[in-house]
Amino acid sequence: MMYRNPKLIKILRELPCQHCGIMSETVCAAHRNEGKGMGIKVSDALVAALCIECHVKLDNGKELTKEERRDMWNRAYIKTMQYLFENEIIGVK
C-alpha cells in the first residue's frame, strides 16, 4: 500500500517554495517523478514544497535536462525536510 499523508501535504502549502523561496498560495507538494506509473504518484514521503512556477518547470521543463530536473527536485526535497525539522513542524519526540 502506498504511503499517503494528507496532513503533510496540507502542511507543505504553508511553506515557502523550497526552490525559489517565494511565499505563495500556489506552493504545494511536488512528488518525486521517478518510480511511479502513469497517473500514480509516489509515496507522500517523497515530496518537496514547490510553487506552481517551479513545479511546472520541474514537471514540464523543456529548458531542463532530466538530470537537471532530478537535481532540482533533490535539492528542494532536502530543503523541505530541513525546513520541517528545523522549524519543529515535524520531528521525532
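Counting Lys and Arg as +1 and Asp and Glu as -1, what is the net charge of the other residues whose Cβ lies under 13 Å from the Cβ of residue 24?
Summing Lys/Arg as +1 and Asp/Glu as -1 gives -2.
If the elastic network links every pair of Cα atoms under 10 Å, which of 62, 79, 41 fluctuates the most in the Gaussian network model of the chain?
The residue that fluctuates most here is 62.
Could you give the size of the charge dipole of the chain about its Cα centre, using +1 on the Cβ of each K and R and -1 on the Cβ of each D and E, expressed in debye and rounded to the nearest 20?
For the chain, the charge dipole is close to 320 debye.
Checking the table 7/66; 57/79; 41/79; 7/62 against a 23 Å threshold on Cα-Cα, which pairs fail?
Pairs exceeding the cut-off: 7/66; 7/62.
Within the P(r) computed for the chain, what percentage of the Cα pairs occupies the region above 23 Å?
For the chain, the share of Cα pairs beyond 23 Å comes to 19 percent.
Using a Gaussian network for the chain with springs between C-alpha atoms less than 10 Å apart, which of these wobbles most: 67, 53, 25?
Ranking 67, 53, 25 by mean-square fluctuation puts 67 first.
Any read-out appearing in this document is the output of simple, stated calculations on the displayed coordinates, not a laboratory observation. Everything numeric in this text was worked out from a predicted model, so none of it was measured. Positions of Cβ are generated from backbone atoms using ideal geometry, with glycine treated the same way; all protein chains shown enter the neighbour counts.
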